[in-house]
Amino acid sequence: GAVVSQHPSRVICKSGTSVKIECRSLDFQATTMFWYRQFPKQSLMLMATSNEGSKATYEQGVEKDKFLINHASLTLSTLTVTSAHPEDSSFYICSADQIGETQYFGPGTRLLVL
Amino acid sequence: AQKITQTQPGMFVQEKEAVTLDCTYDTSDPSYGLFWYKQPSSGEMIFLIYQGSYDQQNATEGRYSLNFQKARKSANLVISASQLGDSAMYFCAMRENSGGYQKVTFGTGTKLQVIP
């Protein structure tokens, strides 16, 4: 199947700093990428849909100024958690949409904000 | 209303037996897709199987098959000949058009434990 990478896999940062997470589709072009957040023992919650060349579409309740999404190319989307706080600690996972086929997920990024 | 419902928070199955994980969905979009993913303790989401709303036949991928009953809006996952490595969380998901863009919703998941 298609491969999606995420970097970094784990990050620990101090409260108030910003963290950037990259999501890359390695062997296909993804016009749409999705960003999810998953708390322990819970399901994935869609945060936003990232479309190449246009603004991301955020789900209700997700602060667009806090979670900045940039879909710079057909193979790269970035999520920046700005001014991170301990409550932002979570597992962030991206997926890339292959047109007409399934979504493929990245391995996820575990963020811990101290 | 829940878009995706998985009513089994946990399931046990004997090794080498078959197991069915339930999933029901709700959508008004005539064109949608249904997915099953496996999430082991490592956290990665592993794609298992996909069923399109217009697909006439039930999807199969190796030991995985999807029992698609469109009228009932159910998309149960059947795992045949369970293996110890199948122990994991299993999520059902649906992709549909929402407000002009594609949206994917996940169920709450089923934790499957395979017993030796």
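A short reminder: the numbers here are calculations on the coordinates, not readings from a lab. Here the structure is a predicted model, which is why all the values come from computation and not from measurement. Every residue, glycine among them, receives a Cβ derived from its backbone with ideal geometry; neighbour counts consider all protein chains shown.
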Considering only region A:8-16, I want to know if a residue exists there that is in contact (Cβ under 8 Å) with a residue 60 or more places away in the chain and closer than 25 Å to residue B:36 by Cα. yes
Members of region A:55-92 that are outside any loop (DSSP other than H, G, I, E, B) and closer than 20 Å to residue B:96 by Cβ: A:57, A:58
Output the residues belonging to region A:64-92 that are of a type outside the set (Gly, Ala, Ser), over 14 Å from the mean Cα position of the chain (by Cα) and within 25 Å of residue A:16 (Cα to Cα). A:65, A:85, A:86, A:87
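Conditions (1) out of contact with any Phe, Trp or Tyr (no Cβ under 7 Å at 6 or more places or on another chain); (2) without any contact (Cβ under 8 Å) to a residue 60 or more places away in the chain, marked per residue:
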{"position": "A:69", "(1), (2)": "no, yes"}
{"position": "A:83", "(1), (2)": "yes, no"}
{"position": "A:107", "(1), (2)": "yes, no"}
{"position": "A:111", "(1), (2)": "no, no"}
Single residue of B:37, B:64 found to be within 28 Å of residue A:37 (Cα to Cα), without any contact (Cβ under 8 Å) to a residue 40 or more places away in the chain and not small (Gly, Ala, Ser): B:64
Looking only at region B:10-28, count how many residues are in contact with a strand residue (DSSP E or B) (Cβ under 7 Å, 6 or more places away or on another chain), over 20 Å from residue B:49 (Cβ atoms) and surrounded by 11 or more Cβ atoms within 10 Å (Cβ to Cβ). 3
Taking region B:34-45 and keeping residues of a type outside the set (A, V, I, L, M), more than 10 Å from the chain's Cα centre (by Cα) and at the interface with another protein chain (Cβ under 9 Å from one of its Cβ atoms) leaves B:39, B:42, B:43, B:44
Subset of region B:79-116, residues more than 21 Å from residue A:104 (Cα to Cα), of a type in the set (A, V, I, L, M) and surrounded by 16 or more Cβ atoms within 10 Å (Cβ to Cβ), comes to B:112, B:114
Check region B:46-55 and report whether any residue there is buried (at least 16 other Cβ atoms within 10 Å of the Cβ), within 14 Å of another protein chain (Cβ to nearest Cβ) and under 14 Å from residue B:107 (Cβ atoms). yes
Please verify whether region B:14-25 includes one or more residues that are touching a Pro at 6+ places or on another chain (Cβ under 8 Å), away from chain A (no Cβ under 14 Å) and of a type outside the set (Lys, Arg). yes
As an exercise: evaluate residue A:30 against (1) assigned to a strand (DSSP E or B); (2) touching a residue at least 24 places away in the same chain (Cβ under 8 Å) and give the number of the one condition it does not meet. (1)
Would you check if residue B:31 is in a loop (DSSP other than H, G, I, E, B) and within 13 Å of another protein chain (Cβ to nearest Cβ)? yes
